Amino acid sequence: MDLIFEGLREAIRKIATLDPALREAALRTLQVSGTATLVSLVIGVPAGVALALSRFRGRTFVVSLVNTGMGLPPVVVGLFVMILLWRSGPLGGLGLLYTPTAMIVAQSLIAIPLVTGLSLAAVQALPPRLLLQVRALGATPVQCAGILAREAQLPILAALMAGFGAVVSEVGASLMVGGNIRGSTRVLTTATVLEAGKGNFAGAIALGIVLLALAYSINVVLTRLQQRSRP
């Protein structure tokens, strides 16, 4: 219990004094995870809606890949991105390894299957007659997709929250492709692992508390938006 109270005191002290290292890690966490979540929204929602509305040979295989990706281990994603961006890898010439961009790529690959799969399920859960009614009114395929996505906005926002939660709490892929470099790629999760590895449990608890507070604050905003959208 003493460690927990010490961690709370350390967290309050760091926040009250605007500790530079904490501020830097928190801002980079927002930058990396926020961008990755936005990418997953832009790609995942249209992909999920398109899969829900389309019928083609091999669709079951594609949906199975999406569902498998929802549980993809972050460390596997990190390994894949690391190999791609390694000096001798296919994209090694870009020099992106151990940069925030590499972390965004890895976290986006983690979040996209989640948002896609949950958006697919959200649209499929709508009443089947709704699509028939929309088509009977002469809506184009793009208009159909937009209307159904709007009707399923509550679970789609939940999918967005799930995607953000997956990436903001992720550590394996971020360590592999980011390297936990102070002043460059250190985020709250990797900083917590570093402090715990050094035996500085009070500092690790403080970072963990700040991470939880950050995740809660973002989800409060998304939840308010979701509940405001209720019919």
Find the residue count for the range 208-226, including only residues that are more than 12 Å from Thr29 (Cα to Cα), over 17 Å from the mean Cα position of the chain (by Cα) and touching a residue at least 40 places away in the same chain (Cβ under 8 Å).
4
I'd like to check which helices (runs of 4 or more DSSP H) are fully inside the range 157-231 and have at least 3 residues that are of a type in the set (Val, Ile, Thr).
188-197, 201-228
Six or more apart or on different chains, Cβ under 7 Å: which pairs go from a residue in the range 194-206 that's free of Cβ contacts under 8 Å to residues at least 40 places away in the same chain to one that's open to solvent by less than 70 Å² (accessible area, probe 1.4 Å) and of a type outside the set (Phe, Trp, Tyr)? Could you list them?
Leu194/Asn180; Glu195/Gly203; Glu195/Ala204; Glu195/Leu207; Ala196/Ala204
Residues satisfying the stated conditions in the range 176-216, i.e. hydroxyl-bearing (Ser, Thr, Tyr) and either farther than 22 Å from Leu97 by Cβ or surrounded by fewer than 21 Cβ atoms within 10 Å (Cβ to Cβ) (or both):
Ser184, Thr192, Tyr216
Residue list for the range 42-79, restricted to those being of a type in the set (Phe, Trp, Tyr) and in contact with a Gly (Cβ under 6 Å, 6 or more places away or on another chain):
none
Quick one: is Ala173 at pLDDT 90 or above, hydrophobic (A, V, I, L, M, F, W, C) and open to solvent by less than 30 Å² (accessible area, probe 1.4 Å)?
yes
Here is a check on your reading of the model: is Asn219 polar (S, T, N, Q), open to solvent by less than 30 Å² (accessible area, probe 1.4 Å) and over 21 Å from Val63 (Cβ atoms)?
no
What number of residues in the range 133-144 are more than 30 Å from the chain's Cα centre (by Cα), part of a helix (DSSP H, G or I) and β-branched (Val, Ile, Thr)?
1
Report, by residue number, each residue of the range 20-32 that is open to solvent by less than 30 Å² (accessible area, probe 1.4 Å) and over 12 Å from the mean Cα position of the chain (by Cα).
Leu22, Ala25, Ala26
Among the residues listed as Val210, Val221, the single one being modelled with pLDDT of 85 or more and either among the polar types (S, T, N, Q) or over 15 Å from Ala21 (Cβ atoms) (or both):
Val221
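The values are calculated or read from the model by the stated rules, or taken from the named source; none is laboratory data. Note that this is a predicted model, so its numbers are computed, not measured. Backbone-built Cβ (ideal geometry, glycine too); neighbour counts: all protein chains shown. Remember, those area values only see protein heavy atoms, side chains included, never the ligands or the DNA or RNA. Shrake-Rupley method; radii C 1.70, N 1.55, O 1.52, S 1.80 Å.
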